[in-house]
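The values are calculated or read from the model by the stated rules, or taken from the named source; none is laboratory data. Here the structure is a predicted model, which means the values were calculated and not measured. The protein model used for the area step is the full one, side chains on, heavy atoms only, and it has no ligands, DNA or RNA in it. Shrake-Rupley method; radii C 1.70, N 1.55, O 1.52, S 1.80 Å.
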Amino acid sequence: MRSAMKLLVSTTALLLSASAALAAEATTHIAVEGLTCPSCSFIVTTTLKRVESVQILEFTEGEADTGLYVVRYDDALTDPAAIVAAVTGVGYGASVATETGS
């Protein structure tokens with residue numbers, strides 16, 4: 001009985017460590033439109049922080065009503081499409097951008 005329990009615990013630990021090894025931190029740039037006032041930036045920032053594992057590394061205010069967020073996330077927990085969807089879900093235009101913001 002004890003050896004079966006040890007085997008179960010060992011197998012579980014191995015599976016958990018293998019899935020953790022597959023996850024990796026990733027970084028992406030999110031271009032946002034519709035940032036017409038400081039409250040808009042606050043809403044987008046709050047929304048991004050609510051996406052599981054997302055951390056905002058940098059925000060650059062663009063011309064007119066645009067901004068560029070550089071975010072880091074765990075790619076086992078979320079992806080760029082989900083991050084963009086969170087921002088568009090609160091009413092702002094958003095898309096994955098290249099590093100130069102285009």
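Points to keep in mind about this one:
- In the context of the full set of protein chains, residues of the range 56-95 present 52 Å² of accessible surface per residue (probe radius 1.4 Å, heavy atoms only).
- Solvent-accessible area of PHE59, all protein chains in place: 80 Å² (probe radius 1.4 Å, heavy atoms, ligands and nucleic acids excluded).
- Each residue of the range 90-96 is assigned a 3J(HN,Hα), and the resulting list reads 9, x, 10, x, 8, 7, 6 Hz, derived from the Karplus form 6.51 cos²θ - 1.76 cosθ + 1.60 (θ = phi - 60°), x at Gly and Pro.
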